[in-house]
Amino acid sequence: MTDYLITGAQLPEGSITDLLLADGRIAATGADAADMAGARAGAQVHRIDAHGLVALPGLVDLHTHLREPGREDAETVASGTRAAAVGGYTCVHAMANTTPVADTAGVVEQVWRLGEDAGWAQVRPVGAVTVGLAGEQLAELGAMASSAARVRVFSDDGLCVHDPVLMRRALEYVKAFDGVVAQHAQEPRLTAGALMHEGIVSAELGLTGWPAVAEEAIIARDVLLAEHVGSRVHICHLSTAGSVDIVRWAKARGIQVTAEVTPHHLMLTDEAIRGYDPQFKVNPPLRTAEDVQAVRDGLEDGTIDIVATDHAPHPSEDKDCEFAAAAMGMTGLETALSVVTEAMVADDSRDFGWQDLARTMSATPARIGRVTGQGRPLAAGEPAHLTLVDPSARWTVDPAGLRTASENTPFAARELPARVMATFYRGVATVLDGQPQDGSTR
Amino acid sequence: MRHLLSAADLSREEAITILDTAATMAATQSRAIKKLPALRGLTVVNLFFEDSTRTRISFEAAAKRLSADVINFAAKGSSVSKGESLKDTAQTLQAMGADAVVIRHSASGAPHRLATSGWIDAPVVNAGDGMHQHPTQALLDAFTMRRHLMPEAGTGAGLDGKRVVIVGDVLHSRVARSNVDLLHTLGAEVTLVAPPTLLPIGASTWPCRISYDLDTTIAEQAPDAIMMLRVQRERMSSAGGGFFPSAAEYSRRYGLDAARFEALPGHALIMHPGPMNRGLEISARAADSDRSTIVEQVGNGVAVRMAVLYLVLAGNEGTPS
Ligand SMILES: [Zn+2]
């Protein structure tokens, strides 16, 4: 196995150091790194000059759609985790809305095993809350938790656990194995037929609206349920100013709530839909400029705990059609770091640096998902999951050049800052010089 | 004019050009030989994903009176949820040599996608898309208003200062949206009247007044024209959205009954895009009065659509003689 000696990298808090990766761990840092590299007899040392690069703990996504089993034409576990590696991720949580649904120990173990075999990143399956995502009966949450996949995050994502009694039961039940319910907050009756955010633009375009209150009402209900039963709840892809206010209130009250925002909700508004381009069709929908400011503020002040991609690949035929018929969702694994850099780090008026990015895109998502060994500080003895980023790079998004199996990105032809140059997973380089390391080179 | 997708896209100058061209077309329709040679050799496709015999026949008549060949392509029974591919259909039409496509679709924005996605080269005319736009309906309404309310003005005139009241289900109405845009562009003052449940969130930003009270609006506005929109009874039920409590209550509060008809100024036009629910949104007395333009609107629709097809297909060569 190759050792890697990374020299001159900037750690998230700003100091410059060398790092030696050996035997799947960060074997040494600082002056010790070169010494130990020289002392390791027989080891082949690959030197990487990382001057000008930032070293981040490997990114952890709490919300990824890998589509396998069932829609391998859109994405497979292998293609999705390969894209994740290119985006700087070393761990992804695979959402349960596959075909079949990941609602049994058998399916989550299958997904976990596919991730282990592919070797691009750790795959943590998310278990469905209810059988078949039907919202009627709890799935075997305990069996999934005690399976080889060791599921800790449960979600009917794509659909809301709408029945308040069932949501209460799920929140209570997962306490037995320190699980968390990740809610896709969408009141179904208030959003029947909805195609975009309900507001000025939807009225003009004649597209049925998805009102902010349909998200906010569920979040308000669920934080109160979590308080009542003393459980933790996680809010998926929070998108409105009102949702930020509710989570802020709940945290001040001591409720165990965590929340995520997607890169696209940090960047894009419903104005993007004026051309009826289905690449901007997503659930929850793109909101207003005021909402974008509110979620940025919420991420900066810690009300929103993490950034999660909601990476949702779709084949081109599901997007190259009229807006109403198009599938909802965007890919995000390969653009997330750049979009967050643009929206948060590059904004000098904000107090949001690489340390905050490491916290919101690696450490905290790992903690919420109860993933051991991921999201750890870059220190001697820690597992060697890390990402080297060139903060000064700029690149133009070319959908055909992305590694995900689908091309549905809202950032096509857009220039973004910061580029992932290398990713290491379990001490192995999955990406070098920005290129995924296929096959025998790994 | 490359396409006609939305009344909101039309400048005042473009809108007036269409109305003036329609006036010329209408004049030819009183001749013994109604047919003009302007579009001879060209093929217009009526691509209807949604049933509307009235609109289709109107476009068909317009194209034929300009000597174009017409292909009616009814994607009947199809729905967006079944994945009927607009793209595939468009490319079939392209291969068949369509020179212009008139499209009716239940999905808002479908004409926009057809025109801008590179699937087809031909000009696209929107014949009604979802809850979005129905620009030729707005144009024929404006044409009708101009003819009656400004008979002396002749070509080049807008509808400056005219007061128009539009009543009913604005939320689901592409006709209301198109009319607000076009009438505002032409200088008219528009008031929308509806229960709050049937007005979109965001309508407050439109270039018009909004009222929940029809009697007050008639009294204060003294409208030059009142347009009653069709209200679907099924929207009362919970499954239909529960937009209003009962047909009787709707009719009492928003119907153009005899008393409201009497309260209108003597010259006010009574308009309706059809088909009507007599006794619900409009009384027979109002619908059948001599101030009703409802039947005339249908005839004017042909002239307006002739003008639109002419302008998108041959418009660079000036108006026809
Ligand atoms: Zn979701």
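The values are calculated or read from the model by the stated rules, or taken from the named source; none is laboratory data. This one's a predicted model, so the numbers in the text were calculated from it and none came from an experiment. In this analysis, Cβ positions are derived from the backbone assuming ideal geometry, glycine residues included, and neighbour counts consider all displayed protein chains. Only protein heavy atoms, including side chains, enter the accessible area calculation; ligands, DNA and RNA are left aside. Shrake-Rupley method; radii C 1.70, N 1.55, O 1.52, S 1.80 Å.
Here are some notes:
- Computed over chain A with a Gaussian network model linking Cα atoms closer than 10 Å, the most mobile of A:Tyr276, A:Tyr89, A:Tyr425 is A:Tyr276.
- Each residue of the stretch A:379-394 is assigned a 3J(HN,Hα), and the resulting list reads 9, 4, x, 7, x, 8, 10, 7, 9, 9, 10, 8, x, 8, 6, 10 Hz, derived from the Karplus form 6.51 cos²θ - 1.76 cosθ + 1.60 (θ = phi - 60°), x at Gly and Pro.
- Summarised in one figure, the compactness ratio Rg/Rh of the stretch A:47-99, Cα atoms and Kirkwood Rh, is 1.13.
- Interatomic Cα distance distribution for the stretch B:1-65, bins of 5 angstrom, percent: 3, 13, 17, 23, 25, 15, 3, 0
- Mean Cα-pair separation over length for the stretch B:164-251, i.e. relative contact order, pairs under 8 Å, 6 or more apart, %: 34
- With helices as the sole contributors, the protein assembly as shown gives -9000 deg cm²/dmol at 222 nm; each DSSP H run of n ≥ 4 counts as -39500 (n - 2.57), and the sum is divided by every residue.
- Taking the average, over residues, of other Cβ atoms within 10 Å as the packing measure, peptides A:65-74, A:391-400, B:87-96 rank A:65-74, B:87-96, A:391-400 from highest down.
- With contacts taken as Cα pairs under 8 Å at a separation of at least 6 residues, the stretch B:135-294 carries a relative contact order of 22 percent.
- For chain B, the mean projected area of the C-alpha convex hull, equal to one quarter of the hull surface, is 16.2 nm².
- Choice from A:Ile26, A:Ile200, A:Ile273 with maximal GNM fluctuation in chain A (Cα, 10 Å cutoff): A:Ile200
- For the stretch B:36-48, Karplus couplings with θ = phi - 60° (6.51, -1.76, 1.60), whole Hz, Gly/Pro x: 10, x, 4, 10, 4, x, 9, 10, 9, 9, 8, 9, 10
- Alpha-carbon gyration tensor eigenvalues x 5, square-rooted, for the stretch A:284-333, Å: 28, 14, 6
- Each semi-axis of the equivalent ellipsoid for the stretch A:239-384 is √(5λ) with λ an eigenvalue of the Cα gyration tensor; in descending order they amount to 28, 19, 15 Å.
- Amide proton proximity set for B:Arg163, modelled H, under 5 Å, gap of 5+: B:Glu189, B:Asp224, B:Ala225
- Annotation: Cα Rg of the stretch B:135-294 relative to the compact-globule expectation 2.2 N^0.38 Å equals 0.98.
- Proportion of all alpha-carbon pairs of the protein assembly as shown beyond 39 Å (%): 46
- Charge sum, other residues only, whose C-beta stays under 14 Å from A:Val131's C-beta, Lys/Arg counted +1 and Asp/Glu -1: -4
- For chain A, the relative contact order comes to 19 percent (Cα pairs under 8 Å, sequence separation of at least 6).
- Translational diffusion of the stretch B:173-215, µm² s⁻¹ [Kirkwood Rh, Cα pairs; Stokes-Einstein; 37 °C; 0.692 mPa s]: 306
- Taking amide H as placed 1.01 Å from N in the peptide plane, B:Ser292 has its amide H under 5 Å from the amide H of B:Ile270, each at least 5 places away in sequence or on another chain.
- Scanning chain A for DSSP H helices at least 15 Å long along the axis (C-alpha atoms) with a Kyte-Doolittle mean no lower than 0.5 picks out A:212-229.
- Binned Cα-Cα distance frequencies in chain A - 20 Å width, integer %: 27, 59, 13, 0
- Only beta bridges with both residues in the stretch A:58-368 are counted; by DSSP, about 5 percent of them are antiparallel.
- Fraction of antiparallel bridges per DSSP, the protein assembly as shown only, in percent to nearest 5: 30
- Karplus-derived 3J(HN,Hα), 6.51/-1.76/1.60, for each residue of the stretch B:306-313, Hz, glycine and proline x: 4, 5, 5, 4, 4, 6, 6, 9
- Rg/Rh for the stretch B:104-199, where both radii come from Cα atoms and Rh is the Kirkwood radius: 1.04
- Per residue convex hull volume, Cα atoms of the stretch B:11-164, in Å³: 128
- Shielded residues, the stretch B:193-219 - accessible-area loss of 50 Å² or more between chain alone and all protein chains, probe 1.4 Å: B:Ile201
- Two-decimal Rg/Rh across the stretch A:355-442, once Rg and the Kirkwood Rh are taken from alpha-carbon atoms: 1.00
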